[in-house]
Amino acid sequence: RLGGIVPESIYSCSMLTALRLSGNHFHGEISPRIGNLKHLSFLSLGSNSFTNIMKALHALKSCGNISTLLIGRNFMNEAMPQDETIDGFQNLQFLVMHHCSLTGRIPTWLSTFTSLKVLLLSSNQLTGPIPSWINSLNHLFGLDVSNNSLIGKIPMILMEMPMLTSDKPAIYFDPSLLDLPIYVDDANAKLQYRMGSAWPKGLNLGKNKFTGMIPQEIGHLEALTYLNLSFNNFYGEIPQSICKLTNLQGLDLSNNHLTGAVPVPLENLHFLS
Ligand SMILES: *[C@@H]1O[C@H](CO)[C@@H](O)[C@H](O)[C@H]1NC(C)=O
Ligand SMILES: *[C@@H]1O[C@H](CO)[C@@H](O)[C@H](O)[C@H]1NC(C)=O
Ligand SMILES: *[C@@H]1O[C@H](CO)[C@@H](O)[C@H](O)[C@H]1NC(C)=O
């Protein structure tokens with residue numbers, strides 16, 4: 001139940017590598033002095049009442065070594081910054097910016113975050129399509145944009161995500177531990193991740209305004225363990241190629257306008273629950 005403004009003195013701890021302030025009642029803006037924390041690699045500010053996401057991101061880019069940044073459930077109803085000068089996050093691997101009701105498009109500056117492995121933008125009010133640069137995020141294996149107002153078809157480039165198109169052992173067996181665990185408050189469960197590689201290889205486009213057919217090429221995403229396309233306007237048949245996703249543990253195609261039969265070979269997906 002800590003509240004008020006984060007004390008400035010904390011930014012004098014210049015050797016700090018991990019800081020979790022989440023789940024308190026902090027408010028106000030993130031001080032530019034946070035940029036003094038050059039060794040900071042894990043920062044969790046989630047579930048407070050911080051404001052001014054633009055200023056926060058500009059302050060944080062000076063940190064330089066951030067690899068996990070969890071800032072969800074703050075910055076309520078602000079505009080997603082579209083400012084191209086948000087850069088310097090080359091080491092960022094896990095970015096959680098969900099439940100902020102941010103408006104605007106998926107910003108182009110995210111394309112410069114080339115180490116990203118997991119990107120959670122769910123439960124904002126984002127509009128526009130999935131950007132065409134998405135497959136340039138060579139390390140991305142977890143993307144959750146559910147519960148927004150995104151439009152358009154499933155872009156073909158999404159079927160070419162390097163980390164999802166083959167069964168890359170590296171992402172399964174990378175044993176490196178996160179500085180601190182990441183906690184995820186799912187609708188169904190409270191989860192804790194201690195290893196980045198334990199994160200589901202997942203694509204969640206659920207609860208948006210996507211349309212068109214589910215592309216045959218979905219079968220290229222062989223590493224997927226979780227696919228959620230529910231609550232959209234997809235039509236046409238479920239492609240047979242979905243049965244090539246032999247690592248799938250979770251599949252949700254509900255609440256669309258799909259027609260035809262459920263492909264019989266789905267019964268061969270033994271991990272599917
Ligand atoms: C940056 O973070 C990594 C761990 O993510 C660590 O191994 C490395 O020593 C850090 N570098 C600096 C300059 O603190
Ligand atoms: C969906 O997002 C809105 C904010 O845009 C939020 O108010 C609502 O709680 C979210 N729904 C779920 C199920 O998380
Ligand atoms: C898929 O996403 C929808 C909307 O966000 C959610 O309600 C549903 O629980 C998800 N399905 C699964 C199997 O996780």
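The values are calculated or read from the model by the stated rules, or taken from the named source; none is laboratory data. Small disclaimer: the values here were computed from a predicted structure and weren't measured. Cβ coordinates were reconstructed from backbone atoms using ideal geometry, including for glycine residues, and neighbour counts include every protein chain displayed. Surface accessibility is based on the protein's heavy atoms, side chains included, excluding ligands, DNA and RNA. Shrake-Rupley method; radii C 1.70, N 1.55, O 1.52, S 1.80 Å.
Annotations for the structure displayed:
- Extreme residue, least open to solvent (accessible area, probe 1.4 Å), among residues of segment 217-241 that are farther than 14 Å from Leu258 by Cα and β-branched (Val, Ile, Thr): Ile218
- Residue that is farthest from Pro265 (Cα to Cα), among those in segment 214-250 that are assigned to a strand (DSSP E or B) and away from ligand 2 (no atom under 16 Å from the Cβ): Asn233
- Residue check: Leu203 meets all listed conditions (1) within 16 Å of ligand 3 (Cβ to nearest atom); (2) part of a loop (DSSP other than H, G, I, E, B) but one, namely (2).
- Scanning segment 174-213 for residues being within 16 Å of ligand 2 (Cβ to nearest atom), closer than 26 Å to Cys243 by Cβ and at pLDDT 90 or above gives a total of 6.
- Selection count where residues are hydrophobic (A, V, I, L, M, F, W, C), away from ligand 3 (no atom under 16 Å from the Cβ) and open to solvent by 50 Å² or more (accessible area, probe 1.4 Å), scope segment 242-264: 2
- Subset of segment 60-83 [open to solvent by less than 10 Å² (accessible area, probe 1.4 Å) and either of a type in the set (A, V, I, L, M, F, W, C) or closer than 21 Å to Gly196 by Cα (or both)]: Leu60, Cys63, Ile66, Thr68, Leu69, Ile71, Gly72, Phe75, Met80
- Single residue of segment 27-57 satisfying the filter (of a type outside the set (Gly, Ala, Ser), open to solvent by less than 10 Å² (accessible area, probe 1.4 Å) and in a strand (DSSP E or B)) that is nearest to ligand 1 (Cβ to nearest atom): Phe42
- Tally, over segment 101-113, of residues that are in a loop (DSSP other than H, G, I, E, B) and either touching a strand residue (DSSP E or B) at 6+ places or on another chain (Cβ under 9 Å) or modelled with pLDDT under 95 (or both): 5
- When segment 114-134 is filtered for residues that are without any contact (Cβ under 8 Å) to a residue 40 or more places away in the chain, small (Gly, Ala, Ser) and either within 24 Å of Trp199 (Cα to Cα) or part of a loop (DSSP other than H, G, I, E, B) (or both), the ones remaining, listed by number, are Ser123, Ser132.
- Selection status of Leu95, under 23 Å from Asn48 (Cα atoms), within 16 Å of ligand 1 (Cβ to nearest atom) and of a type outside the set (Gly, Ala, Ser): yes
- Residue within segment 168-185 that is crowded, with 16+ Cβ neighbours inside 10 Å, among the polar types (S, T, N, Q) and under 24 Å from Asn91 (Cα atoms) present: no
- Residue count, segment 118-134 (criterion: farther than 17 Å from Pro81 by Cα and touching a Gly at 6+ places or on another chain (Cβ under 6 Å)): 1
- Leu272 without any contact (Cβ under 8 Å) to a residue 60 or more places away in the chain and either over 26 Å from Ser149 (Cα atoms) or touching a His at 6+ places or on another chain (Cβ under 8 Å) (or both): yes
- Scanning segment 251-269 for residues that are outside any loop (DSSP other than H, G, I, E, B), modelled with pLDDT of 95 or more and more than 16 Å from ligand 2 (Cβ to nearest atom) turns up Leu251, His257, Leu258, Thr259.
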